[in-house]
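Encoded as structure tokens, the structure appears first; notes follow it.
Just so it is clear, none of the values below were taken in a lab; they were calculated from the coordinates. None of these values were measured; they are calculated from a predicted model. Glycine also receives a Cβ, built like all others from the backbone with ideal geometry; neighbour counts cover every protein chain displayed.
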């Protein structure tokens with residue numbers, strides 16, 4: 001949960017998860033929809049899918065793996081997480097490097113090199129028998145003192161050993177990454193209603209918003225397509241003509257790797273006949289969509305649709 005997300009944001013989700021799934025077996029027995037529902041709003045949903053897969057792996061094996069090799073075989077556990085778990089939870093003498101630790105090492109050694117260099121530096125300083133404390137201390141040092149901007153060097157407990165500080169070049173390490181151009185995508189969704197329920201569609205399990213439910217939609221690179229292009233794309237995906245009614249909800253939704261231009265209109269024509277990019281459709285009322293995973297964008301669109309109905 002703490003990957004790419006601040007502690008204050010995570011805490012209420014963490015507490016709800018522990019209450020719902022006090023053991024790994026409880027999590028493994030839950031459906032993916034239940035897990036994604038509890039995760040809704042936290043973002044980066046591949047974390048929830050990986051956690052659910054890992055719970056099933058551990059439950060099937062009967063125990064957690066107790067070494068780096070075994071940890072790396074769990075879904076979603078990469079080099080950093082394996083090192084953190086091994087040192088903090090298992091007491092193994094291994095280093096780990098996240099963004100905070102990499103920044104500390106880059107500055108201490110005035111090293112503008114790649115991440116593998118930071119792993120080597122972190123390993124050089126590792127104190128036997130205290131790896132867990134060491135790794136956590138470096139994470140906190142990077143988060144609170146050795147910050148990306150406005151580093152508090154005068155408060156740093158290891159400032160005397162920091163080469164970048166001695167050279168007056170703290171701001172140069174690590175070197176800035178080249179900014180990537182963020183693609184813009186339009187998303188044209190339709191609201192179909194029937195007896196107090198709305199039609200929702202479940203996305204494929206992989207990829208962005210994998211396994212989550214949303215209003216049936218087509219995606220198009222760039223700006224919202226013109227009427228003819230939208231109609232052709234909708235018919236191709238769902239095997240029925242597109243008939244757009246009044247606008248219900250519109251939002252520019254910014255993610256780290258793309259920007260969505262979202263538009264939800266009332267569906268005046270027939271509901272989708274083909275699945276298009278989805279795995280299934282379902283008619284849901286408020287109780288129903290409260291039990292499944294929704295992205296923050298879809299949750300806001302649902303609120304707008306409910307207000308429209310009122």
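Using a Gaussian network model of the chain with C-alpha springs under 10 Å, which one of 230, 201, 189 is most mobile by mean-square fluctuation?
Judging by the Gaussian network model, the answer is 230.
Would you work out the relative contact order for the chain, in percent, from Cα pairs under 8 angstrom that are 6 or more residues apart? Before the final figure, lay out each step's value.
Working: 483 pairs, mean separation 53.0, N = 310.
Reported relative contact order: 17 percent.
Give me the angle, in degrees from 0 to 90, between the Cα long axis of helix 227-238 and the longest principal axis of the Cα atoms of the chain, rounded to the nearest 10.
Approximately 80 degrees, to the nearest ten.
According to a simple spin-label model (label point 7 Å from Cα along Cα-to-Cβ), what is the distance in nm between residue 219 and residue 306?
Here the modelled spin labels are 2.7 nm apart.
Give the percent of DSSP beta bridges with both residues in the chain that are antiparallel, rounded to the nearest 5.
Details: 23 of 32 bridges.
About 70 percent, rounded to the nearest 5.
Specify the angular offset, from 0 to 90 degrees and rounded to the nearest 10, of the alpha carbon long axis of helix 296-309 from the longest principal axis of the alpha carbons in the chain.
30 degrees
Any idea how far apart residue 79 and residue 167 come out in nm if each label point goes 7 Å out from Cα toward Cβ?
In this crude spin-label approximation the distance works out to 2.3 nm.
Rank the residues 253, 125 as a footprinting-exposure proxy: fewest other Cβ atoms within 10 Å of their Cβ go first. Before the final figure, lay out each step's value.
Values: 253 16, 125 13.
Going from least to most buried by this count: 125, 253.
Take residue 282 and residue 117, extend 7 Å from each Cα along the Cα→Cβ direction, and tell me the distance between the two endpoints in nm.
In this crude spin-label approximation the distance works out to 5.1 nm.
Output the relative contact order of segment 7-172, whole-number percent, from Cα pairs under 8 angstrom with separation of 6+ residues. The partial results should precede the final answer.
Working: 182 pairs, mean separation 26.8, N = 166.
After rounding, I find 16 percent.
With no solvent and one point per C-alpha, what does the Debye sum give as log10 I(q)/I(0) for segment 94-192 at q = 0.14, 0.21, 0.25 Å⁻¹?
-0.54, -1.05, -1.40
Quick one: the Cα spread of segment 184-309 along its three principal axes, in angstroms, biggest first?
On the principal axes, segment 184-309 reaches 35, 34, 27 Å in Cα extent.
Based on the Cβ-Cβ distance from residue 206 to residue 110, what FRET efficiency comes out when R0 is 51 Å, to the nearest 0.05? List each step's numbers first, then the result.
On the way: r = 41 Å, r/R0 = 0.80.
E(calc), rounded to 0.05, equals 0.80.
If one computes the Cα centroid of segment 1-76 and of segment 133-201, what distance in Å separates the two points?
22 Å
Report the FRET efficiency, 1/(1 + (r/R0)^6), for residue 89 and residue 197, where r is their Cβ-Cβ distance and R0 is 45 Å, rounded to 0.05.
On the way: r = 45 Å, r/R0 = 1.00.
Efficiency computed from Cβ-Cβ geometry: 0.50.
Taking only DSSP H segments of four or more residues, each worth -39500 (n - 2.57), what value at 222 nm results for the chain once the sum is divided by all its residues, to the nearest 500 deg cm²/dmol? Walk me through the intermediate numbers first.
On the way: 13 runs with 123 residues, N = 310.
For the chain, the value works out to -11500 deg cm²/dmol.
Between 56, 135, 117, find the one with the highest GNM mean-square fluctuation for the chain; connect C-alpha pairs within less than 10 Å.
117
Summarise the long-distance tail of P(r) for segment 242-284 by giving the % of C-alpha pairs beyond 16 Å. Numbers along the way, then the final one.
Numbers: 539 of 903 pairs.
Beyond 16 Å sits 60 percent of the P(r) for segment 242-284.
Rank by packing, highest mean first: peptides 94-100, 163-169, with packing defined as the count of other Cβ atoms within 10 Å averaged across residues.
Values: 94-100: 21.3, 163-169: 14.9.
Descending mean neighbour count gives 94-100, 163-169.
Using the alpha-carbon atoms, what tilt in degrees (0 to 90, nearest 10) does helix 99-108 show relative to the longest principal axis of the chain?
The two axes meet at around 30 degrees.
Springs between alpha-carbon atoms under 10 Å, Gaussian network over the chain: tell me which of 216, 157, 22 tops the mean-square fluctuations.
157
Answer with a single label: of [x] -0.62, -0.73, -0.94, -1.02; [y] -0.43, -0.53, -0.77, -0.91; [z] -0.44, -0.55, -0.83, -1.00, which was calculated as log10 I(q)/I(0) by the Debye sum over Cα atoms at q = 0.09, 0.10, 0.12, 0.13 Å⁻¹ from the structure in view?
Step by step, log10 I(q)/I(0) by the Debye sum over Cα atoms at q = 0.09, 0.10, 0.12, 0.13 Å⁻¹ for this structure corresponds to label [x].
Do you know the relative contact order of segment 184-309, to the nearest whole percent, from alpha carbon pairs under 8 angstrom that are 6+ apart? Could the numbers behind the result be given before it?
On the way: 235 pairs, mean separation 43.5, N = 126.
Normalised by residue count, the contact order of segment 184-309 is 35 percent.
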